[in-house]
Structure formats: structure tokens, C-alpha cells
Amino acid sequence: MIQDVQALFQAFAAGNMDIAADIGISYLKMLLMFLIGAVLIWLAIKKDYEPALLLPIGFGAIITNIPFTSIVTDPHTGEQGIFGFLYQNTITNELFPVLIFIAIGAMIDFTPLFQSPSMLFFGAAAQLGIFATMLVALALGFDLKEAGAIGVIGAADGPTSIYVANYFKLDPAMIAAITVAAYSYMSLVPIIQPPVVRALTTKKERLIRMDFHQNKVSKTAKVLFPILVTIAAGFIAKESVALVGALMFGNLIRECGVLGRLSETAQNTLANLVTLLLGITIGTTMTADAFLTGKTILIMTMGLIAFVFDTAGGVLFAKFLNLFLKNKINPMVGAAGISAFPMSARVIQKMAKEEDPTNFILMQSIAANVSGQLGSVVAGSMILVLIGKAAGL
Amino acid sequence: MNNTIAQNLVIGLEVSAWGLVGVFGALLLFFFIMIGLDKIKEKDDTDKQA
């Protein structure tokens, strides 16, 4: 930094304003990245917005922009630094997203979905945002792979977003922008969803009550489900085996009943350890030159579009089904079909309670929300397969 | 592969159509798996009913 300051003064003294401007701008960009990192940390601590990810990402963004740091690559020797090593061996090879999926799978309870299996279709409908956002990205000039990865922000599923972006070998700074967008908007679900739901539904629709049958689900069913789903998904799209397989493996550990310690480890230690390292590793890719671009701003904007279309997709699908159903579905439940579990289900139940304090649609919302976790992984796999073919991968 | 925006949009529409078909199709399959598995009751449940 001392050399830079000297170079700046020498440039001024020599009247070489181009060099002086370059140095000055690079320091301004550094300060801006410090600010962005600080904002992410503030959102994590003060607002409780996905703190497990946003705080490490924010801190990573700060340390990577300290001039001449060698945490990613040594600027003098070109040697890989610790976070460069971590990125190459845990993100680029998809290790961390897959490990997080095992952890998530161990946390999922499919019982509400077994008790209300028709909610599965809202997990499909709420993935509309992925494809709608992909089209918007294409219209804005992003190429197929970039648009596909940006669209997957609409999966409302951080690991899937990272997995797909890496699969398409996108620039690390773009992967960082996609990751920050995915996790930021996931934490903003309580703010994004209600206005969209209210705009697309009438008060009468929001007051619809639904029955829920709390049947007992056999352990055999809960053990066979992850196995059969993995096989089925693998035959539909072989690219889905890593994601769906990891998710269902985690779920199998949970449901088998004989691996309590492993299930506990997956849900807690594994989830926390990977999340901690994933966040800071992604954050260290947010260098000023790579991150402060028009593309980043577009990606952040399209993340919002993705979540709006996801919500709209689920709600409109419910309204469409109601045209044919005698026992109507409360359309708000459709909005819970996104993968932001369990936040979206809670938001929808809260909205239902605001309309009618005695209306309880939490179990249906949870079923739809759980379905969203399946739907997002399948949708991400569809993007891998279809864009992969179209882009000649 | 350098396509124009229009070409990419056409591909994107095809991807979206097939993608949604794929997602709904997969979840429909999971639906049938779930319905089928839900018929499996534990032995102690059937004994109690008997």
C-alpha cells in the first residue's frame, strides 16, 4: 500500500493523471467492497438475514480486497493461497454443495408431504421463477449458461445455485454474485412474498379453509421413499444423481432409525462446518474488479424477479386448480412451494392468521414447502441437462 | 457458442417448456411413489386394526 501511495504522488507530480486516476479508482473500489462486506455483516447481525452465510461472505469480501493480500493468490509469486486452495478443492469440484445437501436431507421430514401428497405439485409450480428469470437474463444479453445459473437463484436454494453455476464453469465473481443474491433473497422471503400473494388473490380466496388428515406414515415408507426417488430422478436426468442422491442419502440416514449419531452429525456439525467454510470461501472471490460490474447489479435485480415469479407461479397454479376442484385450495399455500424452508410456510400461515385467526393452513404450507425442496433440486437438474445440451456440454 | 439474443431466447423458451414438463413429470412420479408407499402399513398397525 505504501508503494501505491508513493506511485500515486509520483503520478500526480509527473502530471500523469491516467495512472493517478487508475490508482485512485482502485482504492475507491476497495473501499466500496469494504462497505458491501460491512453491509452483509450488518444484515446478518442486526437484521438476522441468513447470518450463517451472509456474515462469512461479508467478511470474506472484506479480507480479499485488502491490497496485496495473498489469501487467494500471492500477487508476487502467483502461488495459491489458503482460500484459493479451498475454493478449488471444495467449490469447483462441487464438494461443499453436495455435503450441504446431505445435511439438508437429514433435516427434512417428509411426513407432512406423505399426509398431503397433492402439495407436491406446488413444489413444481413454484419453480416457474427459475425459467422466467432465465428468459429475462437471456433477453438482457447473458449467454445460455450464465442465464441458466442466474435463473436457478429462483430455486431459493443456495447449494443448488452454487452447484449449477460451478457445473457451467462460470467466473468465480459471478458465482459469488449468484450466491449472495440467492441467500439474500431467501432471507427476504417475509418481505417479498406477502405483497405478491395479496396482489394475486382476493380476500375470499385467502380465507379458504383446508382439511388436513394426520395419518400415520410407516417407517418402511419413509425409508423406501428416498431410495426410490433417487433411482427415479436418476433415470429422468442422470445429472441429478449427485444433488438428489445427496439429499436423499441425508434423508435416509435420518429415517432409517439406526444412525442417530450420523443423522445428528449431518444436521449439526456437518451443516455448520461446511456452511462456515463455504461462506468465507465464496466471499473471498468477491474482488472489486470482478464483483463491481454491471452484471452483478443485473444479477441482484434478477434474483428479486426470480422470487416474485416463484411466488406468482405457485399462487396462480393453485387458482388454476381451484377452477376444477370442489374442495378449494387456499392459493396462498402455492406460494409456500418455494424451497425457502421453513420460512415460507411460516409466512403463509401468518398471512392466513391475519385474515382469519382461526384458519390453520400451516401443515399444508409445510407440505408444499418440503415439496419445494424436492422441486428446486429437480428444476436445477433440468437446467443442467437442457442448457448443457443446448450449450454443447 | 455465440448466438444472438433472439436465438438464445428461442432456445430458452424450449428449455423452459421442457424444463417445466420435466419438473412436473418428476414430481408426478414422486407423487405416485408416495401414494404407493403410503399403502404400506406397519405390521403392528394392521394387527391393531384386526
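The values are calculated or read from the model by the stated rules, or taken from the named source; none is laboratory data. These numbers come from a predicted model, not from an experiment. Quick reminder, even Gly has a Cβ in these numbers, built from the backbone with ideal geometry, and neighbours come from all protein chains shown.
Of the conditions (1) within 11 Å of another protein chain (Cβ to nearest Cβ); (2) of a type in the set (A, V, I, L, M); (3) surrounded by fewer than 24 Cβ atoms within 10 Å (Cβ to Cβ), A:LEU188 fails just one. Which one is it? Condition not satisfied by A:LEU188: (1). Can you work out which of the residues in segment A:216-240 that are out of contact with any Ser or Thr (no Cβ under 7 Å at 6 or more places or on another chain) and within 18 Å of A:PRO97 (Cα to Cα) is surrounded by the fewest Cβ atoms within 10 Å (Cβ to Cβ)? Ranking the candidates gives A:LYS238 first. Just the residues that are surrounded by fewer than 22 Cβ atoms within 10 Å (Cβ to Cβ), in a loop (DSSP other than H, G, I, E, B) and in contact (Cβ under 8 Å) with a residue 60 or more places away in the chain, please, taken from segment A:52-77. Correct list: A:PRO67, A:PHE68, A:ILE71. Segment A:101-150 holds helices (runs of 4 or more DSSP H) entirely within its bounds, and those carrying 3 or more residues that are surrounded by 23 or more Cβ atoms within 10 Å (Cβ to Cβ) and at the interface with chain B (Cβ under 10 Å from one of its Cβ atoms) map to A:120-125, A:128-139.
Would a scan of segment A:154-162 turn up a residue that is away from chain B (no Cβ under 14 Å), small (Gly, Ala, Ser) and either over 28 Å from A:ILE305 (Cα atoms) or over 15 Å from the mean Cα position of the chain (by Cα) (or both)? There is no residue in segment A:154-162 that is away from chain B (no Cβ under 14 Å), small (Gly, Ala, Ser) and either over 28 Å from A:ILE305 (Cα atoms) or over 15 Å from the mean Cα position of the chain (by Cα) (or both). Is it the case, given these coordinates, that A:PHE317 is surrounded by fewer than 17 Cβ atoms within 10 Å (Cβ to Cβ), within 14 Å of chain B (Cβ to nearest Cβ) and over 18 Å from the mean Cα position of the chain (by Cα)? In short, no.
May I ask you to verify whether A:ILE338 is within 12 Å of chain B (Cβ to nearest Cβ) and touching a Gly at 6+ places or on another chain (Cβ under 9 Å)? So A:ILE338 fails the test. The residue that is surrounded by the fewest Cβ atoms within 10 Å (Cβ to Cβ), among those in segment A:351-381 that are under 17 Å from A:VAL189 (Cβ atoms), small (Gly, Ala, Ser) and over 14 Å from the mean Cα position of the chain (by Cα), is A:ALA352. For B:ALA17, indicate whether it is among the small types (Gly, Ala, Ser) and modelled with pLDDT under 85. Considered against the rule, which asks whether it is among the small types (Gly, Ala, Ser) and modelled with pLDDT under 85, B:ALA17 comes out as no.
Residues that are hydrophobic (A, V, I, L, M, F, W, C), in contact with a Leu (Cβ under 7 Å, 6 or more places away or on another chain) and away from chain B (no Cβ under 11 Å) within segment A:203-257 comprise just one, A:ILE253. For segment A:83-97, does any single residue satisfy the condition of being modelled with pLDDT of 90 or more and touching a Gly at 6+ places or on another chain (Cβ under 6 Å)? There is no residue in segment A:83-97 that is modelled with pLDDT of 90 or more and touching a Gly at 6+ places or on another chain (Cβ under 6 Å). May I ask you to verify whether A:ILE348 is at pLDDT 90 or above, crowded, with 18+ Cβ neighbours inside 10 Å and either within 13 Å of chain B (Cβ to nearest Cβ) or under 19 Å from the mean Cα position of the chain (by Cα) (or both)? No.
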